[in-house]
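The values are calculated or read from the model by the stated rules, or taken from the named source; none is laboratory data. Note that this is a predicted model, so its numbers are computed, not measured. Neighbour counts run over all protein chains shown; Cβ positions are idealised from the backbone, glycine included. Remember, those area values only see protein heavy atoms, side chains included, never the ligands or the DNA or RNA. Shrake-Rupley method; radii C 1.70, N 1.55, O 1.52, S 1.80 Å.
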Amino acid sequence: MRTKHFMMWMAVLSFLTLTSFAQADDKGHGGMPGMKMEGNEGMPMKSGGHDMMKMGDKVFSGKIGPWEGTARIIDMKSHMEASGMKTMGAMPNSHHIALELSDAKSKAHVTEGKGTVTVTGPDKKETKAEFMVMQGHFGADVNLPAPGKYTFKTEIESGGKKGSATFSYTLK
């Protein structure tokens, strides 16, 4: 009898865990820690979330290995205030880097893979963040705590191919 109850509870817990992962995947950037969606009427939407590739400052456009790429830096606090979102507690990172890749020949978007971005700040300190595939782009949250020149070194791997690019952004 104990085994039967144990198996029943395991099935219930498994079901609850799977549904919570599915819900988290549906939330897009609104499901990120410290962010709450409110009043997002009129916001550009793409694949269930904001079209990050039309926001922020375009900081790079060019070749990233075998792909064509575009990178944007989004000030998350300013973006959230402008779009009616409220922060829920402290945000550990101030900016989001959105990297969109497409095949150089077919122009098909690259929507699977992994990668990293290494950020070197004006103080010459380096921090590294993992890219995640989200809403049609590779995204990572990074902290740019003080004004000055930041250098970004991106490395991406997808479909057995690799690419990298380095670019700069000056935070005012």
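To two decimal places, what compactness ratio does region 67-172 give when its Cα radius of gyration is scaled by 2.2 N^0.38 Å?
1.11
With a cut-off of 15 Å, note down the residues of region 104-120 whose backbone N falls inside the zone around a label point 7 Å from the Cα of V133 toward its beta carbon.
108-116
State which entries of K125/K162; K77/K128; K77/K124; K63/K86; K86/K153; K58/K162 exceed 28 angstrom in Cα-Cα distance in the structure shown.
In this structure, K63/K86; K86/K153 lie more than 28 Å apart at Cα.
I'd like the carbon and sulfur percentage of the solvent accessible area for region 122-161, probe radius 1.4 Å, heavy atoms only, ligands and nucleic acids excluded.
Carbon and sulfur: 51 percent of the exposed surface of region 122-161.
Would you mind checking which residues have amide H under 5 Å from F60's amide H? H placed 1.01 Å from N; only 5 or more apart, or other chain.
Under 5 Å from the amide H of F60: A71.
Would you mind working out the accessible area per residue for region 67-142, using a 1.4 Å probe, and quoting it in Å²?
Solvent-accessible surface per residue comes out at 51 Å².
Each residue of region 156-171 in turn: what ³J(HN,Hα) in whole Hz from Karplus with 6.51, -1.76, 1.60 and θ = phi - 60°, glycine and Pro shown as x?
10, 9, 7, x, x, 10, 10, x, 8, 8, 10, 8, 10, 8, 9, 8
Separation between the K153 and S94 pseudo-spin-labels, each 7 Å from Cα along Cα→Cβ, expressed in nm?
Result for the modelled spin labels: 2.3 nm.
Select from region 59-136 those GluC sites (Glu not before Pro) which occupy a DSSP coil region and have at most 10 other Cβ atoms within 10 Å, ordered by residue number.
E112
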